[in-house]
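Take a look at the structure set out below.
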Amino acid sequence: MQHSTTLTKTACIGSLVLGVLSAAFAFITKTPLDGVILSAIALVVGFTSLYIGRKNIEDMQLATAGIFFAVVGCLIGLWQIYN
């Protein structure tokens, strides 16, 4: 098991925070396209941090949670656009 560096831990926690914020923003925004765009950016950050933290399971779990919330944000925004 490899120890994570400060940069890796920060990237993975940032992915989680951005994913949660994108999902919350998708709920409260008046323009759903903005929620989808923010969630897509959160997905890119999430997959990048997943790649960076691939050698430590805790970092991978944080990045995966961020990706999950970003996908939820995308789905909420798309649902609001098409309904």
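The values are calculated or read from the model by the stated rules, or taken from the named source; none is laboratory data. Predicted, not measured: the structure shown is a model, and the values here were computed from it. All Cβ positions, glycine included, derive from the backbone under ideal geometry; neighbour counts span all protein chains shown. Only protein heavy atoms, including side chains, enter the accessible area calculation; ligands, DNA and RNA are left aside. Shrake-Rupley method; radii C 1.70, N 1.55, O 1.52, S 1.80 Å.
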**Study point:** Answer from 67, 52, 41, 76 - the residue that is exposed (fewer than 15 other Cβ atoms within 10 Å of the Cβ), hydrophobic (A, V, I, L, M, F, W, C) and in contact (Cβ under 8 Å) with a residue 12 or more places away in the chain
**Key:** 41
Study note, to complete from the structure: Apart from one, (1) open to solvent by less than 50 Å² (accessible area, probe 1.4 Å); (2) β-branched (Val, Ile, Thr); (3) within 25 Å of residue 83 (Cβ to Cβ) all hold for residue 8; the odd one out is (3)
Practice item. Output the qualifying pairs, or none if there are none: Cβ atoms under 7 angstrom, residues six or more apart or on different chains, first residue in region 1-30 and closer than 10 Å to residue 66 by Cα, second residue not in a helix (DSSP H, G or I). Key: 12/53
Practice item. Taking residue 62 as meeting all but one of (1) in contact with a Ser or Thr (Cβ under 9 Å, 6 or more places away or on another chain); (2) more than 23 Å from residue 76 (Cα to Cα); (3) open to solvent by 30 Å² or more (accessible area, probe 1.4 Å), write down the number of the exception. Key: (2)
